[in-house]
Amino acid sequence: LTVLGIETSCDETAAAVVRVAPDGSRQILSDVIRSQTGEHEAFGGVVPEIAARAHIRILDGLVSAALKDAGVGFGELDAVAATAGPGLIGGVIVGLTTAKAIAMAAGKPLVAVNHLEGHALTARLTDGLPFPYLLLLVSGGHTQFLLVEGVSRYRRLGSTIDDALGEAFDKTAKLLQLGFPGGPAVEKAAMRGDPSRFQLPRPMLDRPGIDLSFAGLKTALRTTAEANAPLSPQDVADLCASFQQAVTDVIGEKSRRALALFAESHPQTSPALVIAGGVAANTAIRARLEAEAAKAGARLVAPPGRLCTDNAAMIAWAGIERLAEAQAAGKSLDERDAPARPRWPLDAEAAAVIGSGR
Ligand code: ATP
Ligand code: MG
Ligand code: FE
């Protein structure tokens, strides 16, 4: 199977061609990404309309480049896969409509991919990981623990009750004037900082369960920054290090609990913890999760940073997985009438609640 993937749900415009051979071997034939960071920097965050306009300007060029890099023509594709949500709706419409047009003109099926499923299945593209596994999805818009039982089969074990962790990194960077996107900037500053200098809270650690919260930590950070103003470069580094230490402690402990739960419900399976989403690129968090997984006798699967943040290879791969599943069931798959969805939770119960209009 050879699939063209298109990703436009946020501020990365991306196109990629991924192929799986009959023997199951997987190959990213091309993977082009254009980040719009520069266009949004002045605003300290992604401006939806600027993002949508940029996608429409550059997407066709990126699709051509992806096909050229891969040495593949439209006729050799088995399908076109595009992110159909969740995300900024203007951008999603640009990518999905482009994919529909290509699918129609080339006479190929369209696969409407959930962006989060792209993140969730990346470990199978990079490492061929079998189901089931435990997934920690930590991105700009989501922070949740999911039990991944199969393609389109997710069960949520816990999630943030307020901000996403990537959002917390971005707001920390904004507060400390480190620029946008914030995650990499905070991580870089933290390397020169003292993580024990400022005592920041570890929200939700005193409570049972796997849910998380980052709003209180954000407030504590702001108060601490104000109390120590004006901030020297060393103060900023120490604040970043203390913040990163606090969230690493929280993520580490919640992962320990999630791994214990997984072992209880799947005693026969050799356990694996997968980390996905932009924050999975953070080396301090990765190191802590490595340690927690080792303690629990589990394997940690952390895809390379480039495949953790938004990209189209993961969308093409999710398309391949959905196609292969349909084929195995003797069904054909073509979702040319799929809507663009600003919200689209991965787990079925949450999706049903939103679908009923509540
Ligand atoms: P979603 O996938 O939930 O729709 P998104 O697509 O915007 O959201 P991603 O592209 O997966 O999110 O991730 C971007 C987020 O990851 C940003 O919030 C960014 O600050 C964060 N991030 C990226 N690199 C790092 C890092 N090294 N450390 C911490 N956070 C990081
Ligand atoms: Mg982005
Ligand atoms: Fe994402």
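Return the pairs, sorted by first residue and then second, in which the second residue is polar (S, T, N, Q), the first residue lies in the stretch 159-187 and is more than 6 Å from ligand 1 (Cβ to nearest atom), the beta carbons are less than 6 Å apart, and the residues are 6+ apart or on different chains.
Between residues of the stretch 159-187 that are more than 6 Å from ligand 1 (Cβ to nearest atom) and residues that are polar (S, T, N, Q), the close pairs are S159/Q144; T160/T143; I161/S213; D162/S213; A164/T143; L165/T143; V186/T172.
Exactly one condition in (1) part of a loop (DSSP other than H, G, I, E, B); (2) modelled with pLDDT under 95; (3) not hydroxyl-bearing (S, T, Y) is false for D194; which is it?
Only one criterion in (1) part of a loop (DSSP other than H, G, I, E, B); (2) modelled with pLDDT under 95; (3) not hydroxyl-bearing (S, T, Y) is unmet by D194, namely (2).
Go through the stretch 163-177 and give me each residue that's under 20 Å from I285 (Cα atoms) and away from ligand 3 (no atom under 16 Å from the Cβ). Walk me through how you get there before you give the answer.
Here is the first cut: in the stretch 163-177, the ones under 20 Å from I285 (Cα atoms) are 163-173.
Hits for the stretch 163-177 are K171, T172, A173.
Filter the stretch 125-162 for residues that are more than 16 Å from ligand 3 (Cβ to nearest atom), of a type in the set (G, A, S) and assigned to a strand (DSSP E or B); which is farthest from G209 (Cα to Cα)?
So the residue we want is G150.
When the residues of the stretch 95-135 are filtered to those that are of a type in the set (A, V, I, L, M), within 16 Å of ligand 1 (Cβ to nearest atom) and touching a Lys or Arg at 6+ places or on another chain (Cβ under 9 Å), which remaining residue is farthest from R286 (Cα to Cα)? Explain how you work it out, then say what you get.
From the stretch 95-135, those of a type in the set (A, V, I, L, M) are 96, 99, 101-106, 110-113, 116, 120-121, 123, 125, 129, 134-135; that's our starting set.
From what's left, within 16 Å of ligand 1 (Cβ to nearest atom): 96, 112-113, 116, 120-121, 123, 125, 135.
With the extra rule that they be touching a Lys or Arg at 6+ places or on another chain (Cβ under 9 Å), the set shrinks to 112-113, 125.
On the way: A112: 31, V113: 27, L125: 19 Å.
Among residues in the stretch 95-135 that are of a type in the set (A, V, I, L, M), within 16 Å of ligand 1 (Cβ to nearest atom) and touching a Lys or Arg at 6+ places or on another chain (Cβ under 9 Å), the one farthest from R286 (Cα to Cα) is A112.
Does G278 satisfy the condition of being modelled with pLDDT under 95 and closer than 17 Å to G182 by Cα? Explain how you work it out, then say what you get.
On the way: modelled with pLDDT under 95: yes; closer than 17 Å to G182 by Cα: yes.
Criteria met by G278.
I'd like to check something: does the stretch 77-84 contain any residue that is of a type in the set (G, A, S), more than 21 Å from the chain's Cα centre (by Cα) and away from ligand 1 (no atom under 16 Å from the Cβ)? Don't jump to the end; show me each part of the working.
Taking the stretch 77-84 as the starting set, the residues that turn out to be of a type in the set (G, A, S) are 79, 81-82, 84.
Then drop every residue that is not more than 21 Å from the chain's Cα centre (by Cα), which leaves 79.
With away from ligand 1 (no atom under 16 Å from the Cβ) added as a condition, the list becomes 79.
Yes, the conditions are met somewhere in the stretch 77-84.
Taking only the stretch 91-126 into account, find how many residues are in contact with a Pro (Cβ under 9 Å, 6 or more places away or on another chain) and of a type in the set (D, E).
Residues flagged as in contact with a Pro (Cβ under 9 Å, 6 or more places away or on another chain) and of a type in the set (D, E) within the stretch 91-126 amount to 0.
Anything in the stretch 93-135 that is out of contact with any helix residue (DSSP H, G or I) (no Cβ under 7 Å at 6 or more places or on another chain) and among the polar types (S, T, N, Q)? List them, or say none.
If the condition is that a residue be out of contact with any helix residue (DSSP H, G or I) (no Cβ under 7 Å at 6 or more places or on another chain) and among the polar types (S, T, N, Q), then T97, N114 are the ones that fit.
For the stretch 172-182, name all the residues that are within 14 Å of Q244 (Cα to Cα) and at pLDDT below 95.
Quick first cut of the stretch 172-182, residues within 14 Å of Q244 (Cα to Cα) only: 172-173, 176, 182.
The one that is within 14 Å of Q244 (Cα to Cα) and at pLDDT below 95: G182.
If V148 meets every condition in (1) more than 11 Å from ligand 1 (Cβ to nearest atom); (2) β-branched (V, I, T); (3) under 30 Å from E49 (Cβ atoms) apart from one, which number is that one?
Every condition holds for V148 apart from (3).
Give the residue that is farthest from the chain's Cα centre (by Cα), with candidates limited to residues of the stretch 99-120 that are surrounded by 21 or more Cβ atoms within 10 Å (Cβ to Cβ) and assigned to a helix (DSSP H, G or I).
Once the filter is applied, the top-ranked residue is A103.
Take E39 and tell me if it is farther than 28 Å from P130 by Cβ and either away from ligand 1 (no atom under 16 Å from the Cβ) or polar (S, T, N, Q) (or both). Talk me through it step by step, then tell me what you get.
Values: farther than 28 Å from P130 by Cβ: yes; either away from ligand 1 (no atom under 16 Å from the Cβ) or polar (S, T, N, Q) (or both): no.
The answer is no for E39.
Yes or no, residue by residue, for (1) under 27 Å from P195 (Cβ atoms); (2) within 18 Å of the chain's Cα centre (by Cα):
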site	(1), (2)
S255	yes, yes
A260	yes, no
L289	yes, yes
E292	yes, no
C308	yes, yes
A318	no, yes
S332	no, no
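If G44 satisfies all but one of (1) buried (at least 16 other Cβ atoms within 10 Å of the Cβ); (2) over 16 Å from A101 (Cα atoms); (3) within 13 Å of ligand 1 (Cβ to nearest atom), what's the number of the condition it fails?
Among (1) buried (at least 16 other Cβ atoms within 10 Å of the Cβ); (2) over 16 Å from A101 (Cα atoms); (3) within 13 Å of ligand 1 (Cβ to nearest atom), G44 violates only (1).
Give the residue that is surrounded by the most Cβ atoms within 10 Å (Cβ to Cβ), with candidates limited to residues of the stretch 172-186 that are within 16 Å of ligand 2 (Cβ to nearest atom) and over 17 Å from D11 (Cα atoms). Break it down into steps so the answer makes sense when it comes.
Step one: of the stretch 172-186, the residues within 16 Å of ligand 2 (Cβ to nearest atom) are 173-174, 179-186.
The next check asks that each one be over 17 Å from D11 (Cα atoms); those that pass are 173-174, 185-186.
Working: A173: 23, K174: 15, A185: 20, V186: 27.
Within the stretch 172-186, the match that is surrounded by the most Cβ atoms within 10 Å (Cβ to Cβ) is V186.
The values are calculated or read from the model by the stated rules, or taken from the named source; none is laboratory data. Keep in mind the model is a prediction, meaning the values are calculated, not measured. Counting neighbours? That spans all protein chains shown, and the Cβs are built from the backbone with ideal geometry, glycine included.
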